[in-house]
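The values are calculated or read from the model by the stated rules, or taken from the named source; none is laboratory data. Just so we're clear, the structure is a prediction, and the values are computed from it rather than from any experiment. Cβ sites come from the backbone with ideal geometry, for glycine too, and all protein chains shown count toward neighbours.
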Amino acid sequence: MANPKLESRKATSIAYIEHKGAYGEVPWGEYMEKLYGWAKEQKVMPGFFPMAICYDNPDEVPAKKCRSDIAITFKAFKGKAKATKGIKTKKLPAMKVVTLSHKGPGSEFGNTYAKIGHWVHEHGYEASAAPMEIYSKKPEVVKGITIIYAKIMVPVKKRKK
């Protein structure tokens with residue numbers, strides 16, 4: 001695994017579905033079909049990589065109560081894209097993020113987040129918003145284990161001394 005690094009993320013618009021429940025039990029296929037269908041209906045250009053914004057730490061919050069937004073980025077050409085039943089929109093501001101790529105089972109996400117957390121602390125930052133997981137390709141099953149490809153981004157700000 002590479003080392004975390006600090007990056008700037010541009011402001012972007014997202015369309016999302018609010019999900020409550022275990023992060024490992026998100027109905028991705030269903031949500032992606034709805035989100036990309038919405039993009040077509042709204043005549044907006046969807047981004048290539050789906051994402052999740054994870055609001056709760058699954059080590060501290062019961063799985064069935066974990067909250068996340070399952071999202072796609074989009075660009076509107078004329079007018080504004082409108083939220084529709086079950087799909088909301090919002091603009092994510094430009095932000096500094098600490099990033100690290102994850103390639104492995106979902107059960108190892110904790111290790112990736114721990115490495116980011118260590119970097120954040122060691123470099124004088126603190127988390128400023130919920131982490132995001134950008135999925136760079138579809139998961140694949142290798143020897144019976146689902147391998148997830150994601151770039152984890154944790155928004156940060158300099159820690160006050």
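Which of the residues spanning the range 10-28 are within 13 Å of Ile72 (Cα to Cα) and either touching a Cys at 6+ places or on another chain (Cβ under 8 Å) or not aliphatic (A, V, I, L, M) (or both)?
Initially, the range 10-28 is screened for residues within 13 Å of Ile72 (Cα to Cα), giving 12-18, 28.
Matches in the range 10-28: Thr12, Ser13, Tyr16, Glu18, Trp28.
Return the residues of the range 1-25 that are β-branched (Val, Ile, Thr) and either in contact with a Ser or Thr (Cβ under 7 Å, 6 or more places away or on another chain) or exposed (fewer than 12 other Cβ atoms within 10 Å of the Cβ) (or both); say none if nothing qualifies. Break it down into steps so the answer makes sense when it comes.
Taking the range 1-25 first, the residues β-branched (Val, Ile, Thr) are 12, 14, 17.
Matches in the range 1-25: Thr12, Ile14.
Looking at Gly24, Gly37, Gly29 in this structure, which one is in contact (Cβ under 8 Å) with a residue 60 or more places away in the chain, over 25 Å from Met95 (Cα atoms) and outside any strand (DSSP E or B)? Walk me through it before giving the result.
Details: Gly37 fails: in contact (Cβ under 8 Å) with a residue 60 or more places away in the chain; Gly29 fails: in contact (Cβ under 8 Å) with a residue 60 or more places away in the chain.
Going through Gly24, Gly37, Gly29 in turn, just one is in contact (Cβ under 8 Å) with a residue 60 or more places away in the chain, over 25 Å from Met95 (Cα atoms) and outside any strand (DSSP E or B): Gly24.
Counting only residues that are within 13 Å of Thr73 (Cα to Cα) and crowded, with 18+ Cβ neighbours inside 10 Å, which one in the range 29-41 is nearest to the chain's Cα centre (by Cα)?
Leu35
Just to verify a result, which residue in the range 3-46, among those that are touching a helix residue (DSSP H, G or I) at 6+ places or on another chain (Cβ under 9 Å) and β-branched (Val, Ile, Thr), is modelled with the lowest pLDDT?
Of the residues in the range 3-46, the ones touching a helix residue (DSSP H, G or I) at 6+ places or on another chain (Cβ under 9 Å) are 3-6, 15-17, 19-25, 44-46.
Filter again for β-branched (Val, Ile, Thr), leaving 17, 44.
Numbers: Ile17: 97, Val44: 91.
Top of the filtered list is Val44.
Determine which single condition Gln42 fails, assuming it passes every other condition in (1) farther than 29 Å from Tyr113 by Cα; (2) without any contact (Cβ under 8 Å) to a residue 40 or more places away in the chain.
Result: Gln42 passes all but (2).
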